[in-house]
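A.B. asks: One structure is given below, represented as structure tokens, and several questions about it will come after.
Derivation of every value follows stated rules applied to the coordinates shown; laboratory data play no part. Computed from a prediction, not measured in an experiment: that's the story for all the values here. Because the Cβ atoms are built from the backbone with ideal geometry, glycine has one as well, and the counts that use them run over all protein chains shown.
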Amino acid sequence: KKTGILKLGMEKMEGTNVMKNEVYKAAVKGDSTVLDNGSVSGDECTVTKANILHIAVRHEQYDFIETALGNFSYLVCQRNSDNNTPFHIAAEVGDTRILELLVSCYNKAALEGVVPWRAKNSKGNTALHVALIHANLQFAEKLVMIDPELTAFVNDYGETPLHLAIRYRVTDGREFAHPVD
């Protein structure tokens, strides 16, 4: 494990391995060869507690995400310093292919704990709240199809996803509401 000060002058976080610059760049660029040589353990994080999956999702590096999930499926549930899971990041960028990949990985891995698309970040937002804040309607619709109960989750400001859809005028001309059994 590395100790001491990083190049950016930030101290090592307690209980985590600081992500090497080359691993970060590989996640940004989608270079999954860094995952093949065994030098990445999966527990590396940036100073904001982002793991390789958070980074690759942010930069929409589908193949890298697929490889990382194959090696480290538990990353799908990990949170960064804002308590965002990779689902929150995917909701920001709005890539439905990435959503499907994350859901598939979670379901195959049979991980325990909070279902990651139901997890609330530091503002109490689920991935559905985040998708609507960023006007990613297709992503939001897919999430509701996966888990209709998400529509009832309330964030720290007392807002349901419907409140946010109205506030941010999220529409494609059709009704947003999805019937819940």
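A.B. asks: Can you tell me which of 170, 114, 57 moves the most in a GNM of the chain? Springs connect C-alpha atoms under 10 Å apart.
C.D. replies: For the chain, modelled as a Gaussian network with Cα springs under 10 Å, the answer is 114.
A.B. asks: Which of the pairs 25/108; 49/123; 120/142 have their Cα atoms more than 20 Å apart in this structure?
C.D. replies: Too far apart for the 20 Å limit: 25/108.
A.B. asks: Given an 8 Å cut-off on Cα distances and at least 6 residues of separation, report the relative contact order of the chain as a percent.
C.D. replies: Result for the chain is 14 percent.
A.B. asks: Roughly how many debye, to the nearest 20, is the charge dipole of the chain about its Cα centre, given +1 on each Lys and Arg Cβ, -1 on each Asp and Glu Cβ, and no other charges?
C.D. replies: Charge dipole of the chain: 520 debye, to the nearest 20.
A.B. asks: A further question on this structure: Local charge sum around residue 131 (other residues, Cβ-Cβ under 11 Å, Lys/Arg +1, Asp/Glu -1)?
C.D. replies: On the way: positive: 142; negative: 92, 95, 141.
Around residue 131, the charge tally is -2.
A.B. asks: Sticking with this structure for a sec: Just to compare against my own numbers: the Cα pair-distance distribution for the chain, 5 Å bins, whole % per bin, please.
C.D. replies: Bins of 5 Å from zero give 1, 8, 17, 19, 18, 14, 10, 6, 3, 1, 0 percent of pairs.
A.B. asks: At most 11 other Cβ atoms within 10 Å plus a DSSP loop assignment makes a site exposed; report the longest stretch of the chain without any exposed GluC sites (Glu not before Pro).
C.D. replies: 15-111
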